[in-house]
Structure formats: C-alpha cells, structure tokens
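Read the structure below first, then the notes.
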Amino acid sequence: MRKKNKNDNDVIAQIYDTALAPGDWVDLLDTLAEWAGHGEATPDSEEESPAGDNPGRPAVTRAVVGNSSVRPEVEHLIEHLERAVKSSAYMHALEDRCQVLNTLYNQMPWPMLMLDEWMQVVECNAIAHQVLAEGVVQLTSSGQLVIHDRKLRQALVQVNKLAEGRNTQLLSAPEESVSLLCVPVQKSDAPGNISQVRTILWVLSGHSIVTPSAERLQSLFAISPAEARLLHVLCKVGNLNQSAALLDISVHTARTQLKSTMAKLEANSQVQLVSRVMGHALVQGANLPAEQTEQEYTVTLPDGRVLSWMEYGAPDGAPVLTLDNLGSSLPDHAWFDRWYREQNLRVILIVRPGYGISTYNPDLQFGNLGADIRFLCQHLGIERPPMASYCGGGPYALCAAAQDPELFSRLGILASTVPIEHFELDKLDRLHKMLLRVFRRDPRLFLLIGRLAIRGVQKAPERFYVRMAKNLCLADQKIFADEELLSRTIKRMRHSQFQGARVHLEEYLRMQEPWQVDLGTISIPVLQWHGEDDRIISIGSARGLASSIPNVRFRSFPGYGRFMVYTHWQDFLVELLELPATAAPTYKASG
C-alpha cells in the first residue's frame with residue numbers, strides 16, 4: 001500500500017478548488033491521472049478483456065469495484081470527490097435556479113406554474129394560489145393542476161412532452177376565456193426541484209391578452225403594412241370575413257394577404273398563425289429568450305417517446321439521413337446549407353434520444369436506435385435513404401445497418417468511433433489518455449470527475465476546446481482556431497443539451513463497452529473515410545473497424561484528424577452519393 005503523504009493532501013485540495021472553479025477540471029484530471037498512474041492496480045485486482053485477434057494492441061483493463069481489491073487510498077479520494085461534487089452541484093443548482101427563475105418567475109403578473117414531465121406542479125408563484133382557486137384551470141390546495149377543458153388539457157400534454165417542439169406555445173379555450181402560455185425550458189443537471197422542470201406555464205385570462213399593434217407586428221415579423229393591419233384585426237376578432245369588413249377590403253384581398261403572411265411565418269393554418277403571433281409577441285414583450293432560428297421537427301414514437309430531427313438543404317431534394325458526433329455538436333449543417341441546396345439534397349439530421357428534444361431513453365444502446373430510424377423514415381415517407389454518419393454517430397448507423405438490411409441503401413462513416421476491441425489505447429491524445437487512466441483505476445473516479453467536467457465545459461466551453469485542440473494534429477487545431485467554427489460548435493453543444501448533459505457522459509461510457517452487434521452481417525455498400533493523424537481514434541483502429549465490415553471501401557487521408565468533417569464532408573458526400581464530379585466544392589462552405 002502506498003503511504004499517504006503531502007502529495008495526497010495536494011490532490012485533495014485541488015479537488016475542492018475545482019468544485020469552486022469547474023473550468024479547471026482538466027487540470028484536476030491531469031493530477032488524478034498522474035496519481036492513478038503511480039498506484040496502477042495490479043493484475044490480481046483487475047479484469048482484462050482479451051486483445052483478441054489484434055496482437056500488440058493493449059487489452060482493455062477495468063478495475064474491480066465493490067470488493068476487497070479496491071485500495072483504501074482510492075476510497076479515500078472518492079470520498080473527497082463525492083463531497084466536492086455535492087458542493088459543486090449545490091452551486092450549480094443555485095446558478096440554474098437564478099437563471100430560470102429570475103427571468104420567468106416574478107416578472108409577469110399572471111399565475112405561473114412549473115410542471116415536470118408528468119404534468120405535476122413542481123413550484124408556482126404566489127398569485128397562482130389566489131387566481132386559480134376556481135375556474136376551468138384550478139390549482140388545488142394539495143398542489144395538483146386540474147384542467148376541466150379536455151381539449152385544452154390534451155394540448156398541454158402534447159406541449160409538455162415536447163411533441164410540439166421547444167418553442168413557446170399559446171393554447172386557448174375561447175369559450176372559457178382562458179389561454180395557457182407554455183415555455184419548455186432547458187433541463188438542469190443539478191439536484192433538487194429545478195432538475196424536474198420541463199415546462200413553465202402561465203395561465204392568462206381573456207383580458208390579460210393584449211393584441212400587439214400593427215406596427216409592432218410589422219416590426220416583429222417583417223411583413224407588409226397591409227398584412228400587419230389584417231393580422232392585428234384577425235388576432236382580435238378571429239374571423240377573416242369580419243376582419244375584411246372592418247378594414248374595408250374584399251374577402252379575396254384578405255385571403256391573399258393571409259396566405260402571404262402564413263407563408264412568411266411558416267404557419268400551416270390560421271389558428272396556428274394567430275397562436276404563434278400572440279405567443280411570440282407576449283414573449284418579446286417580456287424580454288424572454290428568442291425562439292430558435294432552426295426548426296426541430298418531432299414525431300411521437302409507438303412507445304410514447306418523442307423523436308426529433310432537423311432538416312437542411314432543399315426541402316424537396318433527395319433525402320440523406322445523418323447522425324452527428326459524440327456530444328451532438330459537430331458538424332453544424334447550416335454551414336453546408338447552400339451547397340446542399342445546390343446539389344438538391346435534403347439532409348435530415350436525426351437527433352438521438354436525450355439530445356435536443358428527443359425523449360431521453362435510459363435503455364439506449366448502439367443496437368436499438370435502428371427501430372426509431374425506421375419509424376422516422378416511414379413517417380417521412382422515404383424508403384431506403386442513404387445514411388452519412390460522423391464520429392459518434394457511426395456506431396448507431398453501423399449497428400442499424402447490420403440489424404436492418406433494408407433500412408439504408410448505402411452507408412458512409414466519416415471519422416467513426418470504433419468498437420473497443422479495435423481501440424489502440426496507446427495512441428490516444430493526452431486528454432483521452434488521462435480519462436482512460438482514471439476510468440481504468442476506478443470507474444467511480446471517472447464518473448465523479450465527469451460531473452465536474454460537464455459543468456466546467458458549460459461554464460467555459462472556449463477554454464475546453466482550445467485546450468483539447470493543443471493535443472491534436474495541426475489540421476484539427478486549425479478548426480478550433482477558426483472563431484466562427486468554434487462559435488458554431490459551442491452553439492450546437494448548448495442546443496443539443498436542452499435536456500441536460502448526462503447523455504453525453506453516458507455515450508462516452510457506452511463507447512467503452514462491446515457493441516453486441518455482428519457488423520459482419522452488413523450487406524449494403526459502406527464508405528469509410530478516416531484521417532491518418534487522428535489522435536483520438538487512430539488510423540490503426542479505423543482499419544481494424546474496416547476489416548470487420550463486408551463491402552467496405554476504405555480511404556485514409558494523411559495530415560488530417562478527428563475533425564476533418566469541416567474540410568472533407570462535401571467531398572465525402574460526393575463519393576458516397578455518387579454525385580457528379582462537378583459537385584465537388586470549389587469554395588469554402590459557409591452558412
């Protein structure tokens with residue numbers, strides 16, 4: 001047993017310092033990795049997975065947890081990490097609570113309720129108990145929300161399960177003179193009530209809704225003065241014929257203006273148009289965050305979960321499915337949107353469960369996303385589309401192709417993650433080597449520092465990406481040195497973590513386990529591209545993956561690494577989709 005000395009005390013001090021400043025988590029990881037290396041567990045206290053048919057490749061080693069083989073100094077360190085994480089989580093909860101509640105809680109004079117995903121009231125403002133003592137929407141003395149209007153309740157259930165997206169919704173029951181302003185909120189990873197909140201709900205009586213002026217509507221939505229005047233009256237009276245009469249215009253003119261306005265606001269009906277206008281105007285008046293500029297579409301799966309997706313390029317173009325990286329932050333497909341349109345491609349980004357507004361699935365594995373993809377294809381009316389995946393999306397796409405031969409027509413994997421048996425662990429970059437060393441010493445150490453890391457990256461993402469890039473190849477460093485690409489990556493990361501960041505940590509752990517799917521059953525053509533200077537998934541690892549896939553066409557690229565997606569994605573699609581050679585880009589992709 002290693003004797004405890006002042007170095008152990010230094011490690012403990014750094015743990016608590018990091019709890020106060022989670023942006024320093026990489027420094028703590030460095031210290032813990034060095035500490036773990038000095039006391040690496042002996043073979044007697046470890047389980048080794050065989051290197052298989054890969055001689056010279058290090059075996060995957062994991063510490064045995066929960067028995068006498070765990071050394072006392074590890075338990076001592078874990079105790080301090082747990083205390084530090086609890087302290088950090090408490091501050092995390094306070095910060096997130098302030099961010100949510102200061103903006104939404106006390107600024108409006110209407111009853112405000114915070115609902116969890118089961119429609120239970122987590123918290124409410126004081127006026128809610130006064131105003132909702134009776135009526136169509138009631139808050140009982142025990143804190144239960146009761147809505148007597150069946151249609152209104154059903155609509156609220158859909159919004160609360162994110163089936164209508166993440167944007168603000170205004171639900172109305174005109175005959176009851178009541179409306180519900182619903183704002184889905186980003187899930188907190190902190191403990192306590194704040195982590196349960198799914199939707200902020202304001203209950204508005206009829207007189208509380210003030211129709212925006214025509215001038216304000218024109219300013220908000222960039223419509224013509226005539227369209228703004230019609231929309232203003234339509235929001236007040238709700239009838240197109242009456243609105244036309246009040247404005248002294250023909251019904252035909254009113255219909256023409258209405259169709260134009262609906263097209264500009266991407267509304268499918270008059271009801272949706274009025275709802276969107278009133279909700280948006282109320283939100284703007286309250287200085288709440290603006291709505292998302294990119295629409296996230298949703299479908300409800302047979303088991304009740306919501307699956308979301310985003311679309312880029314030509315709406316009526318040839319469909320191409322795609323899955324993005326571990327963490328769902330790369331690439332930003334808006335960067336390629338112009339090129340997609342030029343090639344008449346409709347690129348459909350499937351948002352994996354737990355990211356965006358796709359319902360979190362605690363049972364998600366690489367091998368069971370295929371059923372969700374199959375349902376989405378049926379919903380969209382597309383058959384056997386090509387799939388082009390990147391990085392952490394690769395395992396899901398490969399397993400889906402192996403288990404459902406008729407799902408895709410062809411498959412492309414760019415810089416894909418590989419099964420653990422193909423990892424060349426000795427060729428990892430410094431950051432991932434440190435993470436692996438801590439994980440091998442004791443997975444609990446990894447999970448605890450992972451919780452600090454999540455908060456650290458959220459608070460100081462630029463610092464994390466710049467530091468990570470230092471250990472990567474020159475081509476990857478250039479990607480993160482580009483301010484616009486870095487900004488887009490951070491924006492995508494925050495967008496994907498709408499339901500919290502736990503799924504990111506879970507996906508990383510999933511990468512450490514066998515996939516439990518035979519890739520040898522893949523029968524469709526597979527195109528695999530990989531950078532020869534990838535410091536995370538080595539070129540040898542990538543070749544190991546290629547050797548297990550029938551019908552694979554493998555290409556490697558000297559001097560490029562993990563983040564070659566921004567420099568090679570268009571050329572990759574040209575080859576995968578067999579586009580004309582003239583489709584190869586001659587300009588820098590730009591949103």
Query raised in the report: Of (1) in contact with a strand residue (DSSP E or B) (Cβ under 6 Å, 6 or more places away or on another chain); (2) under 30 Å from His504 (Cα atoms), Ser179 satisfies all except one. Which?
Result: (2)
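Within the range 470-521, can you find the residues that are under 23 Å from the mean Cα position of the chain (by Cα) and assigned to a loop (DSSP other than H, G, I, E, B)? Break it down into steps so the answer makes sense when it comes.
Step one: of the range 470-521, the residues under 23 Å from the mean Cα position of the chain (by Cα) are 476, 479-480, 482-513, 515.
Selection gives Asp482, Gln497, Phe498, Gln499, Gly500, Ala501, Met511, Gln512, Glu513, Trp515.
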Requested in this report: Could you look through the range 158-172, keep only residues that are of a type outside the set (S, T, N, Q) and in a loop (DSSP other than H, G, I, E, B), and pick out the one that is surrounded by the most Cβ atoms within 10 Å (Cβ to Cβ)?
Outcome: Leu162
Query raised in the report: Of the residues that sit in the range 307-333 and are of a type in the set (Asp, Glu) and assigned to a loop (DSSP other than H, G, I, E, B), which one is nearest to Val503 (Cα to Cα)?
Result: Asp324
Report summary line: In the range 251-276, anything basic (Lys, Arg) and over 21 Å from Gln295 (Cα atoms) is listed as Arg255
Requested in this report: Filter the range 545-569 down to residues that are closer than 21 Å to Asn325 by Cβ, open to solvent by 10 Å² or more (accessible area, probe 1.4 Å), in a helix (DSSP H, G or I) and not β-branched (Val, Ile, Thr), then give me how many there are.
Outcome: 3
Query raised in the report: Do we find a residue being in the same structural domain as Phe480 (by the TED database), farther than 30 Å from Pro580 by Cβ and under 15 Å from the mean Cα position of the chain (by Cα) anywhere in the range 331-349?
Result: no
Report task. Go through the range 124-157 and give me each residue that's open to solvent by 20 Å² or more (accessible area, probe 1.4 Å), in contact with a strand residue (DSSP E or B) (Cβ under 9 Å, 6 or more places away or on another chain), modelled with pLDDT under 90 and outside any loop (DSSP other than H, G, I, E, B). Result -> Cys124, Ile127, His129, Val131
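One line per residue, one yes/no per condition, for (1) more than 20 Å from Ile524 (Cβ to Cβ); (2) open to solvent by 10 Å² or more (accessible area, probe 1.4 Å):
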{"position": "Val347", "(1), (2)": "no, no"}
{"position": "Tyr360", "(1), (2)": "yes, yes"}
{"position": "Gln378", "(1), (2)": "no, yes"}
{"position": "Cys391", "(1), (2)": "yes, yes"}
{"position": "Cys399", "(1), (2)": "no, no"}
{"position": "Phe408", "(1), (2)": "no, no"}
**Report entry** Residue check for Glu421: of a type in the set (Asp, Glu), open to solvent by 50 Å² or more (accessible area, probe 1.4 Å) and part of a helix (DSSP H, G or I)
**Finding:** yes
Query raised in the report: In the range 217-250, what residues are more than 24 Å from Pro174 (Cα to Cα) and either among the basic types (Lys, Arg) or over 39 Å from the mean Cα position of the chain (by Cα) (or both)?
Result: Ala226, Asp248, Ile249, Ser250
Requested in this report: Name every residue in the range 446-461 that is over 16 Å from Arg502 (Cα atoms) and either part of a helix (DSSP H, G or I) or open to solvent by less than 20 Å² (accessible area, probe 1.4 Å) (or both), in order of residue number.
Outcome: Pro461
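Any residue at all in the range 204-217 that's part of a strand (DSSP E or B), touching a Leu at 6+ places or on another chain (Cβ under 9 Å) and hydrophobic (A, V, I, L, M, F, W, C)?
Our first condition is that a residue be part of a strand (DSSP E or B); within the range 204-217, this holds for 204-205.
Narrowing the set further to residues that are touching a Leu at 6+ places or on another chain (Cβ under 9 Å) leaves 204.
Imposing the further condition that a residue be hydrophobic (A, V, I, L, M, F, W, C) reduces the set to 204.
Yes, because at least one residue in the range 204-217 is part of a strand (DSSP E or B), touching a Leu at 6+ places or on another chain (Cβ under 9 Å) and hydrophobic (A, V, I, L, M, F, W, C).
From the set of residues in the range 13-60 that are assigned to a loop (DSSP other than H, G, I, E, B) and modelled with pLDDT of 50 or more, which is most open to solvent (accessible area, probe 1.4 Å)? Give the steps one after another, and end with the answer.
Quick first cut of the range 13-60, residues assigned to a loop (DSSP other than H, G, I, E, B) only: 21, 39-42, 50-59.
Narrowing the set further to residues that are modelled with pLDDT of 50 or more leaves 21, 39-40.
Working: Ala21: 38, Gly39: 6, Glu40: 70 Å².
Step by step, filter the range 13-60, then rank; the result is Glu40.
The values are calculated or read from the model by the stated rules, or taken from the named source; none is laboratory data. As the structure is a computational prediction, the values presented were derived from the model and not from experiment. Heads up, the Cβs are rebuilt from the backbone with ideal geometry, glycines too, and the neighbour counts pull from every protein chain shown. Just so you know, the surface numbers come from the protein's heavy atoms only, side chains and all, with ligands and any DNA or RNA stripped out. Shrake-Rupley method; radii C 1.70, N 1.55, O 1.52, S 1.80 Å.
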